[in-house]
Amino acid sequence: MNLKRLLITFDYELFLGKQSGLALDCCINPTNKILRVLDDYNLKGIFFVDITYLLFLQDNVHKSEVLKKDYQLIREQLINLYQRNHYIFPHFHPHWKDAVLVNNNTEFSLTELKHYRFHSLKTEEQSILWERAVQFLNDLLDTESKPYWLFGYRAGGFGIKPFDDFYEYFKKYDVKADFSVLPNVDRSYVFDNIIYGENIPNRPFRFSQSVDVEDLSGEFIEFPISNVSFNNIDLILSKISNKFEYKLKQNQIPKGFSAVNNPPKTSKPKPRISFKEPASIELLNRVKLYKYKRFIDENDYMHFISHPKMIAEFNLTSFTKFINYASQKYVLQTDLFEFEQSHK
Ligand SMILES: [Zn+2]
């Protein structure tokens with residue numbers, strides 16, 4: 001049977017705009033649902049944990065019982081994930097720096113976006129953030145006991161460019177791999193109009209100074225996120241299907257607001273006959289399923305990016321169908337450790 005490399009990655013975080021939502025709804029409960037699917041098929045997940053949130057939580061934990069409880073539950077869940085050999089890697093949303101507590105100290109508001117990008121922090125702040133983040137993970141996870149062959153990172157809002165600002169920290173903390181590059185990205189997904197190079201291959205590749213330029217002797221590995229293509233009919237049917245699904249009670253997702261993103265208005269958008277979007281559990285539904293199946297049939301590598309807070313029951317049902325299809329047809333390699341073995 002053919003081998004397919006499937007990266008099932010998650011940004012483990014709250015909503016990052018004017019209302020954050022609650023830890024239980026956005027992280028704990030949806031992650032537990034996802035875990036059931038991963039366990040059923042013996043798959044590994046890669047969790048990019050918003051450490052900027054956890055550090056803010058740590059600093060404010062004494063302010064309410066809810067925050068105290070959240071902090072404890074999140075720590076327990078991360079330890080549990082790690083012990084079950086899922087991957088826990090850092091993810092930063094530096095605008096947590098300006099977050100404020102709301103709703104009786106149970107939720108957060110993150111409307112100040114001047115520090116949205118890591119690059120906007122002062123060098124000293126960048127350095128403290130990395131130091132605290134790595135310390136946090138080491139204290140929590142007993143990383144000594146497991147050889148972490150590949151320490152990965154994903155930048156908030158896909159903002160890994162320019163890589164110069166990260167280089168020093170990747171070296172210092174032995175970060176070997178980046179997971180932030182979304183090829184053919186639609187501008188509405190990114191802050192500050194970060195655009196990646198056009199000919200990014202759908203497979204892992206080595207890089208040195210630029211995350212989107214392959215360098216065979218590069219010291220880091222880029223795992224680009226995969227894009228699935230749809231035509232206009234797919235999108236129309238998909239919208240109708242989602243409208244119907246979201247009306248059903250079990251398909252509600254938690255309340256929260258994302259960071260506002262206003263891409264500059266360019267001239268009239270060109271009408272498109274095909275549309276690419278990242279492979280993602282929360283974007284998957286019964287209409288798009290056939291394109292996901294076709295994608296795995298035609299590619300040996302598929303990198304999903306999902307957010308537990310956005311995944312409704314019907315998304316997970318379609319994802320399970322996809323996994324069921326793929327696992328009957330192929331050997332699915334989801335463990336980075338196995339990736340490395342096959343690289344040797
Ligand atoms: Zn994020």
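The values are calculated or read from the model by the stated rules, or taken from the named source; none is laboratory data. None of these values were measured; they are calculated from a predicted model. Virtual Cβ from ideal backbone geometry, glycine too; neighbours counted across all protein chains shown.
A few points about this structure:
- Candidates HIS95, HIS115, HIS91: the one that is within 16 Å of the ligand (Cβ to nearest atom), without any contact (Cβ under 8 Å) to a residue 40 or more places away in the chain and either surrounded by 14 or more Cβ atoms within 10 Å (Cβ to Cβ) or under 21 Å from LEU16 (Cα atoms) (or both) is HIS115.
- Within the stretch 165-182, considering residues that are at pLDDT below 95 and acidic (Asp, Glu), the one nearest to the ligand (Cβ to nearest atom): ASP165
- Boolean, THR52 is buried (at least 20 other Cβ atoms within 10 Å of the Cβ), within 16 Å of the ligand (Cβ to nearest atom), outside any helix (DSSP H, G or I) and touching a residue at least 40 places away in the same chain (Cβ under 8 Å): no
- Top-ranked residue in the stretch 28-47 [being within 16 Å of the chain's Cα centre (by Cα) and more than 15 Å from ILE311 (Cβ to Cβ); ranked as nearest to the ligand (Cβ to nearest atom)]: ILE46
- Selection status of PHE10, part of a strand (DSSP E or B), touching an Asp or Glu at 6+ places or on another chain (Cβ under 9 Å), closer than 14 Å to SER306 by Cβ and not acidic (Asp, Glu): no
- Among the residues of the stretch 287-315, the one identified as within 24 Å of GLN250 (Cβ to Cβ) and free of Cβ contacts under 8 Å to residues at least 24 places away in the same chain is TYR290.
- The residue that is farthest from the ligand (Cβ to nearest atom), counting only those in the stretch 1-27 that are surrounded by fewer than 17 Cβ atoms within 10 Å (Cβ to Cβ) and within 30 Å of ASP98 (Cα to Cα), is LEU24.
- When the stretch 202-244 is filtered for residues that are closer than 30 Å to ASP164 by Cβ, buried (at least 18 other Cβ atoms within 10 Å of the Cβ) and of a type in the set (Val, Ile, Thr), the ones remaining, listed by number, are VAL211, ILE221, ILE225.
- Listed conditions (1) within 16 Å of the ligand (Cβ to nearest atom); (2) at pLDDT below 95; (3) part of a helix (DSSP H, G or I) are all met by TYR82, apart from (1).
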